[in-house]
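S.K.: Okay, handing you the structure first.
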Amino acid sequence: MGGMNGCRDIQPLLGMYALGRLTEREMTALQAHLDGCPLCRIEAAELRGVAEALVHADPERVEYRPEPPPWLRKSVFDRIDGARRRTRRRAAALGLAGLTAAAAAVTAFFLLGAPAAPDGPDTPTVAYSAGGVRASATLTPRPWGTALHLSVSGLTPGQNYTVWLERPDGRRTPAGSFTAQGSTRLVMDLSSGMKPHNATALGLSVSGGGPPILRAPIPRP
């Protein structure tokens, strides 16, 4: 006869037995237990009766269908809405913090400038003169392109000029423009979206077109 431990082990199988869902091995073990345990035999018989009655159950003929109380639906959806609001507030707070940090980083970049690259093989210096105009420029590579430090003299006062970098195919990428002030040497910082190693020459011309006033090849390391 099966002891208490045997009954506890066999209890989970009784429901599956009533529904006819046991494997052959499980059925053999259950039958061996039922042969020596009258209590489990009674429970198994009761469950088989319930299982047989379920076959004749027709959900469409059920006259009463239990409904949850009205307050339960509202309570559930109130909890869901509350969780959504808390999630949105956390997301908004994190997003605002991220935007604030990004804005601070961008502001610092433009106020302080990108870290200067040390002079070296990647920082070429160009010096040229023609027709009384003298100029020198240092090209410093930046993540966004090239920073130019330009010194120039001998230009026509009041005239607008454009500085540019020239590509190998002859196309020009502007690096900035300025207006000459008397005969004083002008010193300025300009920028171009082209990297120094992609440029073959640095030039200066009158804004609006025309031949270059100065054009100097950029030395290679």
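S.K.: Taking the condition in contact with a Phe, Trp or Tyr (Cβ under 8 Å, 6 or more places away or on another chain) and part of a strand (DSSP E or B), does Ala135 pass?
M.R.: yes
S.K.: I've got another one for you. Test of understanding: among Leu150, Leu94, which residue is hydrophobic (A, V, I, L, M, F, W, C) and at pLDDT 75 or above?
M.R.: Criteria check complete, one pass: Leu150.
S.K.: Between a first residue in the stretch 20-47 that is closer than 14 Å to Asp9 by Cα and a second residue that is exposed (fewer than 11 other Cβ atoms within 10 Å of the Cβ), which pairs have beta carbons less than 8 Å apart while being 6 or more apart in sequence or on different chains?
M.R.: Between residues of the stretch 20-47 that are closer than 14 Å to Asp9 by Cα and residues that are exposed (fewer than 11 other Cβ atoms within 10 Å of the Cβ), the close pairs are Cys37/Met1.
S.K.: Among the residues of the stretch 149-180, count how many are farther than 17 Å from Ile218 by Cβ and exposed (fewer than 12 other Cβ atoms within 10 Å of the Cβ).
M.R.: 2
S.K.: Taking the options Gly203, Gly170, name whichever one is in a loop (DSSP other than H, G, I, E, B) and either within 42 Å of the chain's Cα centre (by Cα) or modelled with pLDDT under 85 (or both).
M.R.: The unique qualifying residue is Gly170.
The values are calculated or read from the model by the stated rules, or taken from the named source; none is laboratory data. Nothing here was measured: the structure is a model prediction, and the numbers come from that model. Glycine also receives a Cβ, built like all others from the backbone with ideal geometry; neighbour counts cover every protein chain displayed.
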